[in-house]
Amino acid sequence: DRGRNSETRQVLLDRVVPGTRKLLQIFMHYDLSVTFFVLAEIAENFPMLIDEIINGGHEIASHGTNHQSLKDLSKSELREELRTARSSIKPWTKDSASSPGYRSPDFSFPANDDEAWKILGEEGFGWSSCVSMARRDSGWKYSSEYQINESHNGSILVGACDTNDSKGILEYPVQGFRILGVPLGWGGGFWLRVLPLKWNLSNMRKYNL
(Lines give C-alpha, C1' and ligand atoms only; values in the text may rest on other atoms or scores of the structure.)
Protein backbone atom coordinates (compact mmCIF):
# COMPACT_ATOMS: atom_id res chain seq x y z
CA ASP A 1 0.00 0.00 0.00
CA ARG A 2 1.49 3.33 -1.12
CA GLY A 3 -0.83 5.27 1.12
CA ARG A 4 0.22 6.92 4.34
CA ASN A 5 -1.04 5.81 7.76
CA SER A 6 -2.56 8.19 10.27
CA GLU A 7 0.69 8.58 12.19
CA THR A 8 2.54 9.73 9.08
CA ARG A 9 -0.31 12.07 8.22
CA GLN A 10 0.04 13.64 11.64
CA VAL A 11 3.75 14.18 10.98
CA LEU A 12 2.87 15.95 7.75
CA LEU A 13 0.33 18.05 9.62
CA ASP A 14 2.84 18.96 12.32
CA ARG A 15 5.74 19.76 9.99
CA VAL A 16 4.62 20.53 6.45
CA VAL A 17 1.68 22.80 7.19
CA PRO A 18 3.36 25.18 9.69
CA GLY A 19 6.63 25.09 7.72
CA THR A 20 4.86 26.06 4.51
CA ARG A 21 2.93 28.83 6.22
CA LYS A 22 6.15 30.22 7.66
CA LEU A 23 7.67 30.28 4.17
CA LEU A 24 4.59 32.05 2.83
CA GLN A 25 5.03 34.75 5.46
CA ILE A 26 8.69 35.20 4.49
CA PHE A 27 7.88 35.40 0.78
CA MET A 28 5.14 37.92 1.46
CA HIS A 29 7.50 40.05 3.52
CA TYR A 30 10.04 40.19 0.69
CA ASP A 31 7.39 40.37 -2.05
CA LEU A 32 8.60 37.17 -3.72
CA SER A 33 6.74 34.77 -6.00
CA VAL A 34 8.09 31.22 -6.15
CA THR A 35 7.26 27.74 -7.44
CA PHE A 36 6.06 25.17 -4.92
CA PHE A 37 6.66 21.55 -5.97
CA VAL A 38 3.74 19.80 -4.29
CA LEU A 39 3.34 16.11 -3.46
CA ALA A 40 0.00 14.58 -4.39
CA GLU A 41 -0.50 13.35 -0.84
CA ILE A 42 -0.14 16.92 0.43
CA ALA A 43 -2.58 18.30 -2.14
CA GLU A 44 -5.10 15.58 -1.35
CA ASN A 45 -4.81 15.78 2.46
CA PHE A 46 -4.34 19.54 2.84
CA PRO A 47 -6.07 21.29 -0.10
CA MET A 48 -6.55 24.44 1.98
CA LEU A 49 -2.77 24.75 2.21
CA ILE A 50 -2.52 24.70 -1.58
CA ASP A 51 -5.21 27.38 -1.70
CA GLU A 52 -3.04 29.51 0.59
CA ILE A 53 -0.06 29.05 -1.75
CA ILE A 54 -2.10 30.11 -4.79
CA ASN A 55 -3.64 33.05 -2.92
CA GLY A 56 -0.11 34.16 -2.09
CA GLY A 57 0.59 34.58 -5.80
CA HIS A 58 2.81 31.52 -6.18
CA GLU A 59 3.01 28.80 -8.82
CA ILE A 60 2.08 25.16 -8.23
CA ALA A 61 4.08 22.33 -9.79
CA SER A 62 4.22 18.62 -9.01
CA HIS A 63 6.74 16.70 -6.91
CA GLY A 64 5.13 13.31 -7.58
CA THR A 65 2.71 11.35 -5.43
CA ASN A 66 4.47 10.51 -2.15
CA HIS A 67 8.20 11.01 -2.71
CA GLN A 68 8.96 7.44 -3.75
CA SER A 69 11.81 6.92 -6.22
CA LEU A 70 10.96 6.42 -9.89
CA LYS A 71 14.07 4.34 -10.65
CA ASP A 72 12.47 0.89 -10.55
CA LEU A 73 9.19 1.76 -12.26
CA SER A 74 8.21 0.20 -15.57
CA LYS A 75 7.02 2.52 -18.34
CA SER A 76 3.38 1.80 -17.52
CA GLU A 77 4.01 2.41 -13.82
CA LEU A 78 5.84 5.64 -14.61
CA ARG A 79 2.90 6.82 -16.71
CA GLU A 80 0.45 6.00 -13.92
CA GLU A 81 2.63 7.79 -11.35
CA LEU A 82 2.82 10.91 -13.53
CA ARG A 83 -0.88 10.78 -14.32
CA THR A 84 -1.76 10.62 -10.62
CA ALA A 85 0.68 13.43 -9.82
CA ARG A 86 -0.76 15.63 -12.58
CA SER A 87 -4.34 14.93 -11.54
CA SER A 88 -3.63 15.91 -7.93
CA ILE A 89 -2.67 19.50 -8.82
CA LYS A 90 -5.19 19.97 -11.64
CA PRO A 91 -7.67 21.99 -9.53
CA TRP A 92 -4.97 24.64 -9.03
CA THR A 93 -3.52 24.65 -12.55
CA LYS A 94 -6.54 24.17 -14.84
CA ASP A 95 -6.81 27.89 -15.61
CA SER A 96 -3.09 28.35 -16.28
CA ALA A 97 -1.99 29.44 -19.73
CA SER A 98 0.83 26.89 -19.73
CA SER A 99 1.30 23.28 -18.66
CA PRO A 100 2.61 22.80 -15.10
CA GLY A 101 6.09 21.71 -14.08
CA TYR A 102 7.39 18.54 -12.48
CA ARG A 103 10.32 17.62 -10.23
CA SER A 104 10.97 13.95 -9.54
CA PRO A 105 11.64 12.77 -5.99
CA ASP A 106 15.39 12.66 -5.27
CA PHE A 107 16.17 13.42 -8.94
CA SER A 108 15.16 9.84 -9.77
CA PHE A 109 13.57 10.57 -13.16
CA PRO A 110 15.07 8.27 -15.88
CA ALA A 111 16.60 11.25 -17.65
CA ASN A 112 18.63 9.20 -20.13
CA ASP A 113 15.45 7.66 -21.54
CA ASP A 114 13.83 9.74 -24.30
CA GLU A 115 10.58 7.77 -23.97
CA ALA A 116 10.30 8.81 -20.32
CA TRP A 117 10.46 12.48 -21.33
CA LYS A 118 7.76 11.88 -23.93
CA ILE A 119 5.54 10.25 -21.32
CA LEU A 120 6.05 13.28 -19.09
CA GLY A 121 4.77 15.54 -21.87
CA GLU A 122 1.92 13.20 -22.79
CA GLU A 123 0.70 13.27 -19.20
CA GLY A 124 0.29 17.02 -19.29
CA PHE A 125 3.56 18.52 -18.05
CA GLY A 126 5.25 21.33 -19.97
CA TRP A 127 8.50 21.76 -18.08
CA SER A 128 10.58 19.98 -15.47
CA SER A 129 13.45 20.33 -13.03
CA CYS A 130 14.41 16.70 -12.65
CA VAL A 131 18.18 16.77 -13.19
CA SER A 132 20.88 17.72 -10.71
CA MET A 133 23.98 18.80 -12.61
CA ALA A 134 26.04 17.87 -9.54
CA ARG A 135 24.83 14.28 -9.96
CA ARG A 136 24.89 14.05 -13.76
CA ASP A 137 26.92 10.84 -13.74
CA SER A 138 23.89 9.04 -12.34
CA GLY A 139 21.20 11.18 -13.90
CA TRP A 140 21.77 12.57 -17.36
CA LYS A 141 23.85 12.37 -20.50
CA TYR A 142 23.30 15.05 -23.09
CA SER A 143 22.03 13.90 -26.45
CA SER A 144 23.07 15.72 -29.62
CA GLU A 145 19.41 16.46 -30.31
CA TYR A 146 18.97 18.36 -27.04
CA GLN A 147 19.10 22.11 -27.46
CA ILE A 148 20.02 24.87 -25.05
CA ASN A 149 17.03 27.21 -25.01
CA GLU A 150 18.54 30.62 -24.24
CA SER A 151 15.15 32.33 -24.37
CA HIS A 152 14.14 30.26 -21.34
CA ASN A 153 17.13 30.91 -19.06
CA GLY A 154 19.36 28.19 -20.41
CA SER A 155 16.86 25.35 -20.11
CA ILE A 156 17.29 22.18 -22.18
CA LEU A 157 14.64 21.14 -24.70
CA VAL A 158 14.02 17.39 -24.39
CA GLY A 159 11.53 14.67 -25.26
CA ALA A 160 9.35 16.11 -28.03
CA CYS A 161 5.92 14.48 -28.25
CA ASP A 162 2.77 14.91 -30.31
CA THR A 163 0.61 16.22 -27.46
CA ASN A 164 2.70 19.37 -26.96
CA ASP A 165 3.19 20.21 -30.65
CA SER A 166 6.60 18.51 -30.72
CA LYS A 167 8.06 21.39 -28.73
CA GLY A 168 9.19 19.00 -26.03
CA ILE A 169 9.77 19.47 -22.34
CA LEU A 170 11.81 22.41 -21.05
CA GLU A 171 14.18 20.97 -18.45
CA TYR A 172 15.63 23.44 -15.92
CA PRO A 173 18.51 21.51 -14.29
CA VAL A 174 19.40 22.23 -10.68
CA GLN A 175 22.89 23.65 -10.95
CA GLY A 176 26.06 22.24 -9.40
CA PHE A 177 29.33 20.44 -10.07
CA ARG A 178 31.65 17.83 -8.60
CA ILE A 179 34.84 18.44 -6.63
CA LEU A 180 37.07 15.35 -6.27
CA GLY A 181 34.02 13.24 -7.10
CA VAL A 182 31.85 14.88 -4.44
CA PRO A 183 28.58 16.33 -5.80
CA LEU A 184 28.05 19.94 -4.70
CA GLY A 185 24.97 21.82 -5.77
CA TRP A 186 23.01 24.85 -4.67
CA GLY A 187 19.36 25.57 -4.29
CA GLY A 188 16.75 22.89 -3.66
CA GLY A 189 15.85 21.50 -0.28
CA PHE A 190 18.76 19.09 0.13
CA TRP A 191 21.59 21.52 -0.60
CA LEU A 192 19.97 24.25 1.49
CA ARG A 193 19.88 21.85 4.43
CA VAL A 194 23.36 20.32 4.25
CA LEU A 195 25.57 23.17 2.98
CA PRO A 196 26.09 26.67 4.42
CA LEU A 197 23.62 29.35 3.39
CA LYS A 198 26.52 31.53 2.22
CA TRP A 199 27.52 28.81 -0.28
CA ASN A 200 24.00 28.57 -1.65
CA LEU A 201 23.46 32.32 -1.92
CA SER A 202 26.85 32.97 -3.51
CA ASN A 203 26.36 30.37 -6.24
CA MET A 204 22.75 31.30 -6.88
CA ARG A 205 23.76 34.92 -7.41
CA LYS A 206 26.47 33.90 -9.89
CA TYR A 207 24.09 31.60 -11.80
CA ASN A 208 21.24 34.12 -11.90
CA LEU A 209 23.51 36.76 -13.37
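Within the range 17-34, the set of residues being under 19 Å from the mean Cα position of the chain (by Cα), exposed (fewer than 12 other Cβ atoms within 10 Å of the Cβ) and hydroxyl-bearing (Ser, Thr, Tyr) comprises just one member, Ser33. The set of residues from the range 17-31 being assigned to a helix (DSSP H, G or I), without any contact (Cβ under 8 Å) to a residue 24 or more places away in the chain and farther than 10 Å from Leu49 by Cα comprises Gly19, Lys22, Leu23, Gln25, Ile26, His29. When only residues in the range 116-147 that are in a helix (DSSP H, G or I) and exposed (fewer than 13 other Cβ atoms within 10 Å of the Cβ) count, which is modelled with the highest pLDDT? Top of the filtered list is Asp137. Among the residues of the range 6-24, those identified as touching a helix residue (DSSP H, G or I) at 6+ places or on another chain (Cβ under 8 Å) and at pLDDT below 75 are Arg9, Leu12.
Return yes or no: is Ser62 of a type in the set (Gly, Ala, Ser) and in contact (Cβ under 8 Å) with a residue 60 or more places away in the chain? Yes; evaluated as a whole, the condition is true for this residue.
The values are calculated or read from the model by the stated rules, or taken from the named source; none is laboratory data. The model shown is predicted, which means the values in this text are computed figures rather than measured ones. Every residue, glycine among them, receives a Cβ derived from its backbone with ideal geometry; neighbour counts consider all protein chains shown.
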